[in-house]
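As structure tokens, the structure follows; a few thoughts come after it.
Every number here is computed from the coordinates shown, using simple stated rules; none is lab data. From a predicted model like this one, the values you see are computed outputs, not experimental measurements. No Cβ is skipped: glycine too gets one built from the backbone with ideal geometry, and neighbour counts run over all protein chains shown.
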């Protein structure tokens, strides 16, 4: 029974928060009240949760030895020896094919995106994560694929603004995580992740600054673009920009003042002001788009 408990921990259910971006498609397509499409989106979310958990297991299996040298990752079930590698491998062998099968049954294009996600994440796990900048771009691409998958599963057309915002936000999270890892690991950073020999705090600070400004600018332009105003018949989305700015600044405060940022999902579940900014943004979007 303990093996199942440790397997559940290794699936990293907290990380499933990242898959919530799938719901952005139905939200901005003004189809949130369409029950069949909403159910399809829920199915897509659950399938991506299964796939991402399999990828995490594969990554943990490959990095077990390096994780033992990490201050916190050494406590992971596989790295600590609490979870048998055989159990983890059996889960992947069973869960991954089933996820692909049900993805195909749900929507063919959605299945193609799931396959693309698996391929690039496996590429990341088995070598591409050693290439500076590309490592961050691959993780960000994973967010974009999730976002596009949420659009494809309900059969609507997506706007490029949507993808750019998702990509930039993902880069922001990745660079903040990289900074925290280097800060925490210190001289052992390169031992844990080879690509860290190409990064340093000053360089990451510049990247974070650039991406932060790009997010604010891109999202603000999106809310005021003629395409957006015409689609939603309102320019009031501009009033959601303060929530985005506050959320970013609060995240930066946690990264630079509290030396956090190594786990975005933990911050999104524990920091009250950040949670308030996220729910405030969501409430404002729903009111503006649905209750006009």
Fill in: Semi-axis lengths, Å, the range 159-292, gyration tensor of Cα atoms, sqrt of 5 times eigenvalues
32, 16, 10
Discussion item. Between 148, 94, 184, where does the largest GNM mean-square fluctuation fall for the chain, given springs only between Cα atoms within less than 10 Å?
Written reply: 94
Worksheet item: Taking only Cα atoms, what is the 0 to 90° angle, nearest 10, from helix 160-185's long axis to the longest principal axis of the chain?
Response: 30
Worksheet item: According to a simple spin-label model (label point 7 Å from Cα along Cα-to-Cβ), what is the distance in nm between residue 290 and residue 184?
Response: 3.6
Worksheet, complete the sentence: Length gained if residue 133 through residue 235 is fully extended, taking 0.36 nm per residue and subtracting the Cα-Cα distance, is 33.2 nm
Worksheet entry | Highest-fluctuation residue, 149, 170, 95 considered, GNM on the chain with Cα pairs under 10 Å | 95
Discussion item. For a test of the definition: using alpha carbon positions, the gyration tensor, and the 1.5 limit on a/c, classify the range 57-153 as rounded, prolate or oblate.
Written reply: oblate
Discussion item. Nearest 10 degrees is fine. How inclined is helix 35-62 to the longest principal axis of the chain, computing both from alpha carbons?
Written reply: 20
Practice prompt. Enter the angle in degrees (range 0 to 90, nearest 10) between the Cα long axis of helix 85-106 and the first principal axis of the Cα atoms of the chain, meaning the one along which they spread out most.
Written response: 20
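May I ask you to compute the full-extension gain from residue 2 to residue 218, defined as 0.36 nm times their residue separation minus their alpha-carbon distance, rounded to one decimal in nm?
Working: separation 216, 0.36 × 216 = 77.76 nm, distance 4.71 nm.
Residue separation times 0.36 nm, minus the Cα-Cα distance, leaves 73.0 nm.
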Worksheet entry | Highest-fluctuation residue, 230, 197, 65 considered, GNM on the chain with Cα pairs under 10 Å | 230
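Taking every pair of alpha-carbon atoms in the chain, give the share separated by more than 28 Å as a whole percent. Kindly include the intermediate steps, with their values, before the conclusion.
Details: 17172 of 42486 pairs.
Within the chain, distances greater than 28 Å cover 40 percent of Cα pairs.
Report the FRET efficiency, 1/(1 + (r/R0)^6), for residue 80 and residue 258, where r is their Cβ-Cβ distance and R0 is 22 Å, rounded to 0.05. Please list the in-between numbers first.
Details: r = 27 Å, r/R0 = 1.21.
Given R0 = 22 Å and the Cβ-Cβ separation, E is 0.25.
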